[in-house]
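The values are calculated or read from the model by the stated rules, or taken from the named source; none is laboratory data. Keep in mind that what you see is a predicted model, and the values were worked out from it rather than measured. Every residue, glycine as well, gets a Cβ built from its backbone with ideal geometry; the counts of neighbours run over all protein chains shown. The accessibility values were calculated without ligands, DNA or RNA, using every heavy atom of the protein model including side chains. Shrake-Rupley method; radii C 1.70, N 1.55, O 1.52, S 1.80 Å.
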Amino acid sequence: MKTTFCTFMGLIFSLTLAMPAQGQNVLTDPTVYVDSAYSLAMQGHLQEAVALNYEALENIPEDSVAMRCEFYSCLLYCYHRLGDYEQALHYGELCLLYDEEHGTKADLSASLGNLAGIYSSVGKQDVAIEYLRRSIDIETALLASDTTHTAVSLAIRKAMLGEVLVAKAKETTSHSPDGKKDVSSELDADAVTMLAEALRLTDEVLQIDRQLGRRTQEGIRLAQLANIYDALGQEARAKECNRQALEIARETGNRPSELIILLQDNQLQEAIALANELGMRKQEYEACDRLYRQAQEAGRSADALAWLEKARVLHEQLQSEETQRQLTIAQVRYDSFRKEQQLKAQQRAIQEERLRTRVLFVVSLLSLIIVLLLVLLLVLLRRRKRMVEESATYKERQYSILTHDLTNPMVAQQQVLRMLYRDFSNYTPQQVRALTGQLLAGSDSQLSLLRNLGEMAQMEQGKRTMQPTRLDLSALIADVIVLMRSTADLKDVTISLKSERMLVTADREALRTILRNILSNAIKFSPKGGVVEVGTKAPSSFYVHNDGEHLPQEQIDEIMHAKSRIISHVGTNGESGTGVGLLLCRELVALNHGTMQILSAPNEGVTMVINVPR
């Protein structure tokens, strides 16, 4: 029951109409559990599907690997739909490991295709290309050796490989605001080679789809060919392919494909109307943004302002949906973690009960020595139980605090929204801008907390491993500053960069998380109109300095030595915090074998210095 994910088809697949809800029967047959979980996932009930998978896995022995892989495949699908690619890759790799040793060739090909789709989604195109080539080799061999095997799977893999090659080729190609390739940029030889191979593969798939009478897929392949021809600068061919693809999409009623083709062909007004009808806000926002840029370049200020306002509203809706998605991922991870802990507790209870039974049986046969051993055992059990209870109490307290920290910004956002909703006409544009700034600040705070929670959860479960690489520290700093610029602008804080090229050895994502949290903290405690300076120091350090109030030594000691949570202080503009960020920074610095130092003196602000291995 493995499902192959295709990058181009992912958008269309996610729009599948939900089937009528069915009652959930708790059944002991594992295959029924699999079917029920997939049914829930297809209806969009992803949290329930994940919970059902974990419930089933609790009742399947660890050595029943084949049956467990069916649920791993379903979990891969659910987490991919949720956007939790880390979990999706985890279960995908488990399926691949089993299929390489015990599965059929068709199952192995499906696992490779699944993983290729996810790796492409996270931008790891080289890995996706490698997996797809392996899958294509397997499908080709199956077609040659098995007369019952169809060419459909081979067509899907080739189409996916074509899309991934186009994506990789376009990484080095600039585009103009209207979405067309900039003729001033030239494709390098490698990009041309990849596009040529993508063109050949997609054309082969088109012929297969025509032979099999797959009319809908034929239209999709023509749209893919148009995309490739556009990347190669062959606009006439791209136009013709788009025209044919649009005719087929309208003929077959494939509205999502029609929308993609309209966007590719720069028919933005029609694309906006169709995207609005289908509820596809991301594509509607893209079309509005491109129309805004076109109007701005043409000097049509009124049109540009109208499209900008519409794009802004859509962007806020997309941000709200992304926040909700992140909350859903966090809830799913929490639920799965709780299930895992409950299962371990049940297993411990069973083991303890068996142990007590053995001890009582031996007591009936022996005397004083067994009694002494029983006493010793009970002492150990009580100590173990006390440790478990203390751990559970600590976890509950942490979750309560974090829930409170997530709720506060959300309540403030609701209050601002109610004010705007009830009396919008009485607010000036400046007041509306200020209020939306508050909403954006609250959203940034929630997103930062969710990211930190994810990192902390990984480290607590031992899943966060460092992958040190050689990287340019100054380039990484510049990237993070770009991400934090809007947060600083909301507070009228200037970020000053003073760095030079410096190579260090560290985990890239860990350094990014450290810098993001420290920079966010510096902005939080900077006065309005203040300056935050970020720079590098030889041989392998970087620092973040803000000109806010200095930190007392007691507060510095707390940051450097707190075990579970750092007491958060209110920022200069009333910003709240969770105390998780700096604790996370300290742990990540240690995992990268670096050091963290805090320097502060009256009237000199605060400087945080991070040293990493060179």
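I want to check the label-to-label distance for HIS102 and ARG338. Put each point 7 Å from Cα in the C-beta direction and report it in nm to one decimal.
It works out to 3.2 nm between the two label points.
Report the FRET efficiency, 1/(1 + (r/R0)^6), for THR357 and GLU55, where r is their Cβ-Cβ distance and R0 is 30 Å, rounded to 0.05.
The value I calculate is 0.60.
What's the FRET efficiency of VAL122 with SER425 using the Cβ-Cβ distance as r and R₀ = 41 Å, to the nearest 0.05? Display every interim value, and only then the final one.
Working: r = 45 Å, r/R0 = 1.10.
Efficiency for this residue pair is about 0.35.
What whole-number value in Å² describes the accessible area per residue of segment 251-344 for a 1.4 Å probe?
For segment 251-344, the per-residue accessible area is 54 Å².
For segment 32-132, would you read off the P(r) tail past 22 Å as a percentage of all alpha carbon pairs?
Tail of the P(r) past 22 Å holds 28 percent of the pairs.
Is there a pair in LYS170/LYS282; LYS498/LYS528; LYS170/LYS524; LYS158/LYS239; LYS310/LYS491 whose C-alpha atoms are over 30 Å apart, and which pairs would that be? Mind showing how you got there, number by number?
Working: LYS170/LYS282 21 Å; LYS498/LYS528 21 Å; LYS170/LYS524 38 Å; LYS158/LYS239 23 Å; LYS310/LYS491 25 Å.
Result: LYS170/LYS524 exceed 30 Å.
Modelled label-to-label distance, VAL375 and ARG433, 7 Å Cα→beta-carbon offset: nm?
For VAL375 paired with ARG433, the spin-label model returns 7.9 nm.
Cβ under 12 Å from ALA37's Cβ, ALA37 left aside: what net charge do those residues give with Lys, Arg +1 and Asp, Glu -1?
Net local charge, ALA37 excluded: -4.
Which aspartates and glutamates have a Cα less than 20 Å from the Cα of LYS537, not counting those fewer than 8 places away in the same chain?
LYS537 reaches ASP472, ASP479, GLU500, ASP507, ASP547, GLU604.
Where does each of ARG348, ARG433 land when they are ordered by accessible area, with a 1.4 Å probe and the largest first?
Sorted descending by solvent-accessible area, the residues read ARG433, ARG348.
Quickly work out the THR150-to-GLU240 label distance, labels modelled 7 Å from Cα along the C-beta direction, and quote it in nm with one decimal.
About 3.1 nm separates the two model spin labels.
Ignoring ligands, DNA and RNA, what accessible area per residue does segment 60-120 give at 1.4 Å, in Å²?
For segment 60-120, the per-residue accessible area is 36 Å².
Using 20 Å as the cut-off for backbone N distance, which residues of segment 301-338 belong to the label zone defined by a point 7 Å from the Cα of GLN269 along Cα→Cβ?
The answer is 301-311.
What is segment 284-348 by shape, rounded, prolate or oblate, if you read a ≥ b ≥ c off the alpha carbon gyration tensor as root eigenvalues and call it rounded for a/c under 1.5, prolate for a/b larger than b/c, and oblate otherwise?
prolate
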